[in-house]
Amino acid sequence: MIIAIDGPAGAGKSTVAKILAQRLGFLYLDTGAMYRALTFKVLEKNIQISDEPTISRLANEVKIDLSTNPDGSLSVILDGADVSLAIRQPRITQVVSDIAKIQKVRTVLVQLQRELGLKGNCVLDGRDIGTVVFPDAQIKFYIDASAAQRVSRRYKELSGLGQQIALEDVARDLSNRDKIDSTRQASPLRKADDAIYIDTTELSIEQVVQKMLDYCKING
Ligand code: DC
């Protein structure tokens, strides 16, 4: 079974997706981590963000592996190197949306996501899972929250990772990414018609997970 979770940055998708996968004994696939890993490689190789042909070629060449550790954390391995923490750096976050809007990059990563997702029961989170990657997923959620709440959550998450970042910078980055992710030509962020909409602004993580589990029990 495939469970698709989409929504904007900072809505809490990956937090709840990870817990949901753990409780159900499903695989968890953080598709944003793949776009981030490729972005890491682009910056490492000093490729211009505007150089779409080179970036598209690179997408075909890199090897990205995702795995979940026994403690529930995610390992992202890029060409054999562990980049799990490095891909959360602000320099990656600032440009990842520009990489993710390249159609050829999406074609390669969507193919990989489909292959990995079909290995077993899987929870995937991203922006286009229910609309493009797995439009026939049995269960789809669209997770949202107010802009202020999303900024506050992202700020706490980054502070927790030890990043010294100003709240205004988090707000600017989030709004910039929202705009690029939802207005791009190639599979923009959109709620699938058959996705369950959950506004998490006033909900705790556990409340959101419970809502999802209840829905899975009835419809799974
Ligand atoms: O969820 P995240 O912040 O780690 O995602 C990083 C970027 O990748 C985000 O700005 C949009 C893009 N992305 C995408 O276009 N499609 C996905 N399925 C997942 C992420």
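Give the stretch 77-101 a look and list any residue that's more than 10 Å from Y35 (Cβ to Cβ), in contact with a helix residue (DSSP H, G or I) (Cβ under 7 Å, 6 or more places away or on another chain) and of a type in the set (S, T, N, Q), or say none.
T93, Q94 - these are the residues of the stretch 77-101 that are more than 10 Å from Y35 (Cβ to Cβ), in contact with a helix residue (DSSP H, G or I) (Cβ under 7 Å, 6 or more places away or on another chain) and of a type in the set (S, T, N, Q).
Just a yes or no: is a residue in the stretch 155-172 within 20 Å of V16 (Cβ to Cβ), of a type in the set (D, E, K, R) and surrounded by fewer than 19 Cβ atoms within 10 Å (Cβ to Cβ)?
yes
Scan the stretch 59-69 and tell me whether some residue there is modelled with pLDDT of 95 or more, out of contact with any Cys (no Cβ under 6 Å at 6 or more places or on another chain) and in a loop (DSSP other than H, G, I, E, B).
yes
Could you say which residue among V76, V16 is surrounded by 21 or more Cβ atoms within 10 Å (Cβ to Cβ), modelled with pLDDT of 95 or more and closer than 23 Å to L213 by Cβ?
V16
What's the number of the condition K211 fails, among (1) away from the ligand (no atom under 16 Å from the Cβ); (2) part of a helix (DSSP H, G or I); (3) under 23 Å from I92 (Cα atoms); (4) not polar (S, T, N, Q)?
Among (1) away from the ligand (no atom under 16 Å from the Cβ); (2) part of a helix (DSSP H, G or I); (3) under 23 Å from I92 (Cα atoms); (4) not polar (S, T, N, Q), K211 violates only (3).
Going by what's in this entry, would G120 be described as in contact with a Phe, Trp or Tyr (Cβ under 9 Å, 6 or more places away or on another chain) and either part of a loop (DSSP other than H, G, I, E, B) or more than 25 Å from D178 (Cα to Cα) (or both)?
Taking the combined requirement at face value, the residue satisfies it.
Take the residues in the stretch 162-208 that are among the β-branched types (V, I, T), at pLDDT 90 or above and assigned to a loop (DSSP other than H, G, I, E, B); name whichever of them is farthest from the ligand (Cβ to nearest atom).
Among those that are among the β-branched types (V, I, T), at pLDDT 90 or above and assigned to a loop (DSSP other than H, G, I, E, B), it is T201.
Can we say V95 is farther than 30 Å from D194 by Cβ, in a helix (DSSP H, G or I) and either near the ligand (Cβ under 10 Å from one of its atoms) or touching an Asp or Glu at 6+ places or on another chain (Cβ under 7 Å) (or both)?
The answer is yes for V95.
Among the residues of the stretch 1-46, which ones are within 19 Å of N219 (Cβ to Cβ), more than 12 Å from the ligand (Cβ to nearest atom) and hydrophobic (A, V, I, L, M, F, W, C)?
If the condition is that a residue be within 19 Å of N219 (Cβ to Cβ), more than 12 Å from the ligand (Cβ to nearest atom) and hydrophobic (A, V, I, L, M, F, W, C), then M1, I2, I3, V16, I19, L20, A21, L24, F26 are the ones that fit.
The values are calculated or read from the model by the stated rules, or taken from the named source; none is laboratory data. In this text the structure is predicted, and so the values were computed from the model without any measurement. Because the Cβ atoms are built from the backbone with ideal geometry, glycine has one as well, and the counts that use them run over all protein chains shown.
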